[in-house]
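Everything on this sheet refers to the single structure shown next.
The values are calculated or read from the model by the stated rules, or taken from the named source; none is laboratory data. This structure is a prediction, so every number in the text was calculated from the model and none was measured. Here the Cβ is made from the backbone with ideal geometry for all residues, glycine too, and neighbour counts use every protein chain on show.
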Amino acid sequence: MKLLVVEDETKTGDYLKQGLTESGFVVDLVRSGLDGHHFALTGSYDLIILDVMLPDVDGWRIIQALRDAKSFTPVLFLTARDSVEDRVKGLELGADDYLVKPFAFSELLARVRTLLRRSAVLVLDHLQVADLVLDIPRRRAERQNVRINLTNREFALLELLVRRQGEVLPRSLIASQVWDMNFDSDTNVIDVAVRRLRAKIDDDFEPKLIHTVRGMGYMLDVNQTD
């Protein structure tokens with residue numbers, strides 16, 4: 001998932017980007033309110049971490065512009081402004097959460113994951129790539145009208161690959177999104193899970209959909225070849 005961090009404090013911004021990246025997220029970091037305003041309104045993000053006191057354009061104005069534009073991207077305010085009035089103002093402007101500095105990264109990460117789970121509203125009941133069809137509410141998959149029996153974890157992995165079709169997903173991201181854990185390079189749990197899923201999805205069908213991108217991760221694509 002892709003996050004935007006708008007933070008003008010250099011050390012805090014770098015710390016957030018490193019920690020969130022190591023936790024499996026793709027992170028854009030900007031250090032001014034003007035850049036934050038531009039990226040928030042023009043980019044596509046799953047969540048925005050936003051400071052209040054920023055150069056040029058403050059966080060209040062950024063979230064107001066987002067909500068005026070009918071953007072409902074989750075916003076987590078991360079700020080030193082700790083008064084009750086500031087917290088109420090942030091929430092009334094449309095923030096989804098408010099965390100005061102200084103903060104523990106573990107708490108920030110837990111809040112980020114909670115907000116992402118909360119915002120994962122299904123836009124479509126069915127997803128389709130080539131002849132692969134996912135029935136999201138019923139947690140079913142089929143190819144060429146043949147039902148494929150998947151475990152809950154396998155379905156979650158396949159859904160992630162389908163929703164991110166054409167993107168190379170590193171093992172760390174898959175571990176974070178499907179297993180809700182940090183990736184340990186000494187374990188092959190991701191590789192084993194992908195092999196089992198590929199056996200069910202691809203072995204008896206054409207075209208092959210799940211591909212290994214050596215040294216990087218996995219992707220689902222119709223036109224890709226290993």
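Summary of values
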read-out: Hits in region 113-135 - residues which are at pLDDT 85 or above and not in a strand (DSSP E or B); value: Arg113, Thr114, Leu115, Leu116, Ala130, Asp131
read-out: Single residue of region 37-80 satisfying the filter (among the β-branched types (Val, Ile, Thr) and outside any helix (DSSP H, G or I)) that is farthest from the chain's Cα centre (by Cα); value: Val57
read-out: Out of Leu115, Leu93, Leu127, Leu66, sole residue that is touching a residue at least 60 places away in the same chain (Cβ under 8 Å) and either at positive phi or surrounded by 15 or more Cβ atoms within 10 Å (Cβ to Cβ) (or both); value: Leu115
read-out: Asp56 being out of contact with any Leu (no Cβ under 8 Å at 6 or more places or on another chain), surrounded by fewer than 19 Cβ atoms within 10 Å (Cβ to Cβ) and either assigned by TED's automatic domain parsing to the domain that holds Asp35 or under 20 Å from Leu29 (Cβ atoms) (or both); value: no
read-out: Selection status of Ala110, among the aliphatic types (A, V, I, L, M), assigned to a loop (DSSP other than H, G, I, E, B) and either outside the structural domain of Arg214 (by TED's automatic domain parsing) or surrounded by fewer than 18 Cβ atoms within 10 Å (Cβ to Cβ) (or both); value: no
read-out: Residue within region 28-36 that is modelled with pLDDT of 90 or more, in a helix (DSSP H, G or I) and in contact with a helix residue (DSSP H, G or I) (Cβ under 6 Å, 6 or more places away or on another chain) present; value: yes
read-out: Count of region 58-84 residues which are more than 20 Å from Glu9 (Cβ to Cβ) and not aromatic (Phe, Trp, Tyr); value: 11
read-out: Candidates Ser83, Ser44, Ser71, filtered to the one that is of a type in the set (S, T, N, Q) and surrounded by 14 or more Cβ atoms within 10 Å (Cβ to Cβ); value: Ser71
read-out: Residues being part of a loop (DSSP other than H, G, I, E, B), more than 21 Å from the chain's Cα centre (by Cα) and surrounded by 19 or more Cβ atoms within 10 Å (Cβ to Cβ) - total across region 187-226; value: 1
read-out: Check on Arg87, more than 27 Å from Tyr15 (Cα to Cα) and free of Cβ contacts under 8 Å to residues at least 24 places away in the same chain; value: no
read-out: Residue check, Phe155 out of contact with any Phe, Trp or Tyr (no Cβ under 6 Å at 6 or more places or on another chain), hydrophobic (A, V, I, L, M, F, W, C) and in a loop (DSSP other than H, G, I, E, B); value: no
read-out: Positions within region 63-86 being of a type in the set (S, T, N, Q) and within 19 Å of Leu41 (Cβ to Cβ), in sequence order; value: Gln64, Ser71, Thr73
read-out: Contacts under 9 angstrom Cβ, first residue in region 133-150 being assigned by TED's automatic domain parsing to the domain that holds Asp202, partner part of a loop (DSSP other than H, G, I, E, B) and small (Gly, Ala, Ser), 6 or more apart; value: Arg143/Ala130
